[in-house]
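Below: the structure, in structure tokens.
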Amino acid sequence: MKGAAQLLQRLAWLLALAIPAQAALDESVIRAPVVLGVERAFIDVTVFKPAGRGPFPIVVLSHGSPRDAYERRREGRLRMVTQSEPFVAMGFAVLVPTRRGYGRSEGAWAEGYGSCANPDYYAAGLETARDLRAAVDAVRGEAWADASRIVLAGQSAGGFGSVAAASQDFTGLRGVINFAGGRGSQGDDDVCREARLIEAMERYGHAARVPELWIYSTNDRYFGPQLARRMHAAFVHSGGTAEFVQAPATGLDGHGYFARAVDHWSPRVADFLRRIGAAP
């Protein structure tokens with residue numbers, strides 16, 4: 001049974017990444033420096049652009065973090081092609097950073113939250129945010145990039161890091177789309193110290209600066225409906241602005257909704273992007 005559970009976890013991770021063999025998008029790769037004091041670590045950033053010269057508004061798509069540490073490096077540069085396609089079709093340039101400690105990006109894994117008994121989710125989210133900011137900073141001077149219209153969107157740890165990033169000064173940021181954001185999942189419906197995760201969202205909400213859209217599937221086995229709503233309530237109560245959407249069940253584990261239900265979430269996301277003034 002243990003082997004079967006590990007296989008299901010790996011399949012869920014691969015589905016979340018949604019890396020097809022070929023894609024018709026205009027794709028390039030840049031190396032973005034993440035500054036750590038006097039040191040720098042370069043991370044891979046996949047770039048997808050619409051046809052034309054731009055400038056295009058920017059969406060940063062952020063991947064999750066697999067439960068199995070071995071999987072962080074195994075998949076190489078992350079692309080998230082399926083999730084990127086609707087944003088490119090809307091006229092956005094998409095950045096997909098492979099954060100420190102994942103794929104072939106430099107640097108040690110920086111998003112650890114400590115022990116399950118005493119997790120520091122707040123600090124872990126800010127480390128994810130550091131990499132997202134680095135990806136954007138690397139293209140701010142490009143003629144094709146409209147750095148006055150930036151949206152952060154992410155899945156799981158990437159969604160959590162996007163919420164964290166929006167609690168800091170982020171020039172040009174218009175909004176956040178959080179797909180199933182959270183940290184600390186050890187297994188199905190098993191999160192280390194849920195109260196600490198809620199506290200982190202509360203702290204982010206207190207400093208939040210832009211409107212957000214939070215989408216969680218009804219059958220998410222990482223961060224279930226009750227926990228998702230408690231995180232959202234804490235975020236809003238402390239001052240954050242976020243619309244909560246309870247998405248329908250998707251497959252055996254709705255944590256893969258972002259990758260497997262693109263046709264379902266795209267219209268709602270497009271409407272949100274128009275309302276916050278980020279759409280072309």
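Give, in nm to one decimal, the length gained when the segment between ASP68 and ARG275 is fully stretched (0.36 nm per residue of separation minus the Cα-Cα distance). Intermediate values should be presented prior to the final figure.
Values: separation 207, 0.36 × 207 = 74.52 nm, distance 3.82 nm.
Residue separation times 0.36 nm, minus the Cα-Cα distance, leaves 70.7 nm.
In the set (i) 0.91; (ii) 1.17; (iii) 1.06, which value of Cα Rg over 2.2 N^0.38 Å was calculated from the structure you see?
Computed from the coordinates, Cα Rg over 2.2 N^0.38 Å corresponds to (i).
What distance in nm lies between label points placed 7 Å from Cα along the C-beta direction at ALA123 and THR171?
Inter-label distance under the simple model: 2.9 nm.
Computed over the Cα atoms, what is the radius of gyration of the stretch 56-172 divided by 2.2 N^0.38 Å, N being its residue count? Kindly include the intermediate steps, with their values, before the conclusion.
Details: Rg = 14.2 Å, N = 117, 2.2 N^0.38 = 13.4 Å.
Taking the Cα Rg and dividing by 2.2 N^0.38 Å, one obtains 1.06.
Given the DSSP H assignment, sum -39500 (n - 2.57) over each helix run of at least 4 residues in the chain and divide by its residue total; what's the result at 222 nm in deg cm²/dmol, nearest 500? Kindly include the intermediate steps, with their values, before the conclusion.
Numbers: 9 runs with 100 residues, N = 280.
After summing the helix terms and dividing by the residues of the chain, the value is -11000 deg cm²/dmol.
Where nothing but the Cβ of Lys and Arg (+1) and of Asp and Glu (-1) is charged, how large is the charge dipole of the chain around its Cα centre, in debye to the nearest 20?
Details: 32 positive and 29 negative charges, 51 e Å.
Dipole magnitude for the chain comes out near 240 debye.
Treating only the Cβ of Lys, Arg, Asp and Glu as charged (+1, +1, -1, -1), what charge dipole size does the stretch 126-280 show about its Cα centre? Round to the nearest 20 debye. Walk me through the numbers before you get to the answer.
Details: 17 positive and 18 negative charges, 65 e Å.
About 320 debye.
Note down the Stokes-Einstein diffusion coefficient of the stretch 165-280 in µm²/s, whole number, using a Kirkwood radius over alpha carbon pairs, 25 °C, and 0.890 mPa s. All intermediate terms of the calculation are to be shown ahead of the outcome.
Working: Rh = 14.6 Å.
In µm²/s, the coefficient is 168.
So for the chain, taking the charge dipole from beta-carbon charges (+1 Lys/Arg, -1 Asp/Glu), which of ALA129, GLY256, GLY64 sits furthest toward the positive end?
ALA129
Taking 30 Å as R0, compute the FRET efficiency from the Cβ-Cβ separation of GLU106 and GLU27 and round it to 0.05.
Details: r = 21 Å, r/R0 = 0.70.
After rounding, the FRET efficiency stands at 0.90.
Taking the alpha-carbon centroid of each part, what is the distance from the stretch 122-191 to the stretch 211-280 in angstrom?
About 15 Å separates the Cα centre of the stretch 122-191 from the one of the stretch 211-280.
Under a point spin-label approximation (7 Å from Cα along Cα-to-Cβ), what is the ARG268-CYS116 distance to one decimal in nm?
Here the answer is 3.1 nm between the modelled labels.
Compare the peptides 33-46, 57-70 by average per-residue count of other Cβ atoms within 10 angstrom and give them in order, highest first. Walk me through the intermediate numbers first.
Details: 33-46: 16.1, 57-70: 22.8.
The packing order, highest mean first, is 57-70, 33-46.
Hydropathy first: keep DSSP H helices in the chain averaging at least 0.5 on Kyte-Doolittle, then drop any whose Cα extent along the axis falls short of 15 Å, and list what survives. Before the final figure, lay out each step's value.
Values: long enough: 2-17 (23 Å, 0.83); 121-137 (24 Å, -0.14); 194-207 (21 Å, -0.63); 225-237 (18 Å, -0.18); 262-275 (19 Å, -0.73).
Sorted by number, the helices that extend far enough and score high enough are 2-17.
Roughly how many Å² is the accessible area per residue of the chain, as a whole number, for a 1.4 Å probe? Numbers along the way, then the final one.
Working: 11580 Å² over 280 residues.
Dividing the accessible area of the chain by its residue count gives 41 Å².
The values are calculated or read from the model by the stated rules, or taken from the named source; none is laboratory data. All values reported here derive from a predicted model rather than from experimental measurement. No Cβ is skipped: glycine too gets one built from the backbone with ideal geometry, and neighbour counts run over all protein chains shown. Each accessible area value is taken on the protein alone, full model and side chains, heavy atoms only, with ligands, DNA and RNA left out. Shrake-Rupley method; radii C 1.70, N 1.55, O 1.52, S 1.80 Å.
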